[in-house]
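The values are calculated or read from the model by the stated rules, or taken from the named source; none is laboratory data. Please read all numbers here as calculations on a predicted model, not as lab measurements. Positions of Cβ are backbone-derived with ideal geometry, glycine not excepted, and every protein chain shown enters the neighbour counts. Calculation scope for accessible area: heavy atoms of the full protein, side chains included, ligands and nucleic acids excluded. Shrake-Rupley method; radii C 1.70, N 1.55, O 1.52, S 1.80 Å.
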Amino acid sequence: EAGVAQSPRYKIIEKRQSVAFWCNPISGHATLYWYQQILGQGPKLLIQFQNNGVVDDSQLPKDRFSAERLKGVDSTLKIQPAKLEDSAVYLCASSSRDATNYGYTFGSGTRLTVV
Amino acid sequence: GQSLEQPSEVTAVEGAIVQINCTYQTSGFYGLSWYQQHDGGAPTFLSYNGLDGLEETGRFSSFLSRSDSYGYLLLQELQMKDSASYFCAVRDSSSASKIIFGSGTRLSIRP
């Protein structure tokens, strides 16, 4: 099966600019996650979708970050305006609701550098 | 809330065995997972323990003791390609499908 697709792979922007990331999960996976991974740290959950509804966005900085998953498939994550501390890898992951191995499949991520 | 502790770095010799420990604190527990991440790559799922005991998958094994809130990942017959970061993760008590990750253990393999 095809994996989780993310684009772009790399992005460099200046602070206060906006940026958007795109994710296409594995076909049929109802649950989609966006994680932020700062260098040297573990992934931190930003938002979780079940189909096209938000399940958890408690750690999403809503003053600058937004995410949507229209039609329950693709998702976009936006940052506006970006700050220096937003420099990180943004990982998208998906899982089937009844996954027996309880594992996520991650995309390759988007490495964001804010200068 | 949840917290996980694991060593930040471990070094081992090619062909040897290494154990990466993880202790956790959770308000509810749905299982302990392990992920591997090579530099610049995506985390990849290695194993899951929902019950006490040892799970074996090839050269990798994972152990869980729920009474001790402790688990470990055991890597045998180490190969250079095993050099990576390893993350333990627990399922969040509020949502069994949400995973919280530890800060990771960077494993370096020496020839």
Does B:Tyr72 fit the bill of being without any contact (Cβ under 8 Å) to a residue 60 or more places away in the chain, farther than 25 Å from A:Arg111 by Cα and at the interface with another protein chain (Cβ under 8 Å from one of its Cβ atoms)?
no
Failed condition for A:Thr105, given (1) touching a Ser or Thr at 6+ places or on another chain (Cβ under 7 Å); (2) more than 14 Å from chain B (Cβ to nearest Cβ); (3) open to solvent by 10 Å² or more (accessible area, probe 1.4 Å), with all others met?
(2)
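Quick one: is A:Ser18 among the small types (Gly, Ala, Ser), loosely packed, with under 14 Cβ neighbours inside 10 Å and farther than 23 Å from B:Ile99 by Cβ? Lay out the reasoning, then the answer.
On the way: among the small types (Gly, Ala, Ser): yes; loosely packed, with under 14 Cβ neighbours inside 10 Å: yes; farther than 23 Å from B:Ile99 by Cβ: yes.
Yes, satisfied.
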From A:Ile26, A:Ile47, residue being touching an Asp or Glu at 6+ places or on another chain (Cβ under 7 Å), of a type outside the set (Phe, Trp, Tyr) and more than 27 Å from B:Gln2 (Cα to Cα):
A:Ile26
Selection over the stretch B:4-53 where residues are over 13 Å from the mean Cα position of the chain (by Cα), more than 25 Å from A:Gly40 (Cβ to Cβ) and without any contact (Cβ under 8 Å) to a residue 24 or more places away in the chain yields a count of 4
Output yes when any residue across the stretch B:36-55 is modelled with pLDDT of 95 or more, assigned to a strand (DSSP E or B) and surrounded by fewer than 14 Cβ atoms within 10 Å (Cβ to Cβ), and no when none is.
yes
Do you know which residues across the stretch B:75-111 are at the interface with another protein chain (Cβ under 10 Å from one of its Cβ atoms) and among the basic types (Lys, Arg)?
B:Arg91, B:Lys98, B:Arg106
Has the stretch A:79-102 got at least one residue that is open to solvent by 20 Å² or more (accessible area, probe 1.4 Å), touching a helix residue (DSSP H, G or I) at 6+ places or on another chain (Cβ under 7 Å) and over 18 Å from B:Ala89 (Cβ atoms)?
no
